[in-house]
Amino acid sequence: GCGICVHKCPFNAITIVNLPEELEEGCVHRYGVNAFVLYRLPVVKDGMVVGILGPNGTGKTTAVKILAGQLLPNLCGDNESWDNVIRAFRGNELQTYFERLKNGEIRPVVKPQYVDLIPKAVKGKVRDLLRRADEVGAFDDVVRELELENVLDRDIKHLSGGELQRVAIAAAILRKAHFYFFDEPSSYLDIRQRLKVARIIRKLADSGKSVLTVEHDLAVLDYLSDVIHVVYGKPGAYGIFSQPKGTRNGINEFLRGYLRDENVRFRPYEIRFTKSSERQSQASDVLVQYPRLVKDYGGFKLEVEPGELYMGEVVSIVGPNGIGKTTFVKMLAGVEEPTGGEVDWELKVSYKPQYIKADYEGTVYELLSRIDAAKLLNSFYKTELLNPLGIPDLYDKQVNELSGGELQRVAITAALIRDADLYLLDEPSAYLDVEQRLAVSRAIRHLMEKEGKTALVVEHDVLMIDYISDRLMVFEGEPGRHGRALPPMGMREGMNRFLASVGITFRRDPETGRPRANKEGSVKDREQKEMGEYYYVS
Ligand code: ADP
Ligand code: ADP
Ligand code: MG
């Protein structure tokens, strides 16, 4: 019994039946009759990073377009002037902002979400692009901080996703503006790069700029933001910006699924993180022992130390980009032949590649039912996997018309309903929003526990790693040159080993148990580094 009730639980879509009446005043923009409606806007403040946390399709981009002056909000009527907008926000922090925007005093800069599209719009060498962008005279510093020296003379069309992301962020930072918007700055980056980018964006705010960011990696959002807004509503129908909340409390309320000030429950369950040592590991039966493996590509060489995997466990694979994680997974999947050693097991393996292609002719339902039609009707799979990932809503869509996030959810589902002993999932959180990441994490855990199957998951999102893993496989070496895969180890040992190489410490939030990155050089950071406890000290 709550004022505003959730139905269709526990679906991925945050669905609220009745809109509170007072919201009608906060109606900012309506795209048309029966079209998407946006309620309220985020705050924008000089010297602050404002984080936005919420599902896709709830109006985040719409809000940014309004704040950037690209879209005059119709105030859900027939408004045609910025003066009315200023009046509508009288007494609100946004009043002054819109006044300055109207007077042409605000210049916005946007780092777009889909960096993969940049090569279509911009041609030429990285160096020239960044030189043109450089209005603040910080070319050398920014290039160094974002580690772009080696790609300066490369053509933009030859960059990897992670390189494109850092070039796009560099280009935004080099502009001289008042308002900076970073749409998902962590996509394609490894953990070290994510926190590095977070620090660079923070510096913008420290120099007095106002920064807005949408980010789905909660550890990064937490590290980056001064305040956050949770966006809730019904994707595609309407979205509501919550009041600004302190970052820690806002993320905790989000994990709990309940916004206190708003009195809105938007998820029927809480997300809680347990210290891994508390997790009852029934892992005793060995699924497989794999031998020493080598893959030599000429330019890059991976050496895998022998190890074993247990039944019923989830092992996360962590390490920087270009260290051989995908190569290892491909060898286990039988997609790549090792140069040394042999994968000669009888195991059934189900594999979700890192880069997924939509080259299937047919609907989502046809694709999935061909793999295992019975699982689509099975109530356990429905409640644990299909409904939380919003798959039934996609059944009638053509696979080759799915968006990146939809395709990812279908690919994960296709991999998990296949009957196998070992599930290999390479970067399942790519393109997913926070709610979907949490749903995928829960699904992987519950399925492996229930079925006694084993999963190997390549992942960069620390909260996901923490939530799903029984053990860790750490990859070390020199990215792009050589990599070494250590055998799976316990969480504490693994995280210490991994985070020591990255130079970042984490503590746990006392309320939700979620990991939070310590600020570099803080008391906790220094203490934990001294003790060699990069992860588990609370
Ligand atoms: P988010 O950034 O949170 O993913 P968007 O602001 O991009 O959300 O979009 C919110 C909703 O508004 C989506 O359902 C989208 O289809 C709809 N929408 C966006 N732009 C337009 C437009 N120009 N006309 C009609 N609907 C639109
Ligand atoms: P990760 O998944 O850890 O980011 P990958 O396994 O994808 O790393 O790649 C490791 C290294 O091997 C990279 O430098 C990559 O360019 C190289 N590599 C990957 N596949 C091939 C291939 N087929 N031929 C040559 N080099 C490759
Ligand atoms: Mg990879």
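Each value in this text was obtained by applying a stated rule to the coordinates, not by laboratory testing. Here the structure is a predicted model, which means the values were calculated and not measured. When we count neighbours, we look across all protein chains shown, and the Cβ atoms used for this are built from the backbone with ideal geometry, even at glycine.
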task = Check cross-link reach from Lys245 to the lysines: straight Cα distance under 23 Å, and skip same-chain residues fewer than eight apart.
result = Lys45, Lys60, Lys65, Lys203, Lys209, Lys234, Lys519
key: Residues in the range 157-177 reached by a label modelled at Lys203 [backbone nitrogen below 19 Å; 7 Å Cα→Cβ]   = 163-177
key: Those trypsin sites (Lys or Arg not before Pro) in the range 434-538 that DSSP places in a loop and that have at most 12 other beta carbons within 10 Å   = Arg481
request  = Taking the Cβ of each residue in Met311, Met473 as the centre, tally the other Cβ atoms inside 10 Å and list the residues starting with the fewest.
outcome  = Met311, Met473
query = Sorted from fewest to most neighbouring beta carbons within 10 Å, what does the list His460, His29, His178, His158 look like?
reply = His158, His178, His29, His460
task = Quickly work out the Val335-to-Asp285 label distance, labels modelled 7 Å from Cα along the C-beta direction, and quote it in nm with one decimal.
result = 2.8
task = Please arrange Lys245, Lys301, Lys157 by counting, for each residue, the other beta carbons lying within 10 Å of its beta carbon, fewest first.
result = Lys157, Lys301, Lys245
key: Distance from the range 339-384 to the range 118-161 (C-alpha centre basis), Å   = 38
Structure-based [θ]222 nm, the chain - -39500 (n - 2.57) summed over DSSP H runs of at least 4, per residue, nearest 500 = -9500 deg cm²/dmol
query = If each of Thr274 and Thr383 carries a label point 7 Å out from its Cα toward its Cβ, how far apart are those two points in nm?
reply = 1.8
key: Chain lengthening between Asn103 and Arg370 when straightened (0.36 nm per residue, less Cα-Cα)   = 90.2 nm
message = Suppose we flag GluC sites (Glu not before Pro) only when DSSP calls them loop and at most 14 other Cβ atoms lie within 10 Å. Which is the longest uninterrupted stretch of the chain?
response = 362-510
task = Place a label point 7 angstrom from the Cα of Glu305 along the Cα-to-Cβ direction, then list the residues of the range 489-503 whose backbone nitrogen is under 17 Å away.
result = 489-502
ask   = For the range 300-426: lysine pairs with Cα atoms under 27 Å, gap of 8 or more or different chains, count?
value = 23
message = Need the C-alpha centroid separation for the range 483-526 versus the range 431-470, integer Å.
response = 18
message = On a full-extension model of 0.36 nm per residue, what is the gain between Ser522 and Glu449, subtracting their alpha-carbon distance, rounded to one decimal in nm?
response = 22.5 nm
message = Given R₀ = 41 Å, what would the calculated FRET efficiency be for Thr96 paired with Asp396, taking r from the Cβ atoms and rounding to 0.05?
response = 0.30
request  = Please go through the range 332-419 and write out the trypsin sites (Lys or Arg not before Pro) that DSSP classes as loop and that have at most 12 other C-beta atoms within 10 Å.
outcome  = Lys348, Lys357
request  = Could you compute the FRET efficiency for Glu149 and Tyr31, with r as their C-beta to C-beta distance and R0 at 45 Å, rounded to 0.05?
outcome  = 0.55
task = Report the label-to-label distance for Ala138 and Lys123 in nanometres (one decimal), using points 7 Å from each Cα along the Cα→Cβ vector.
result = 3.1
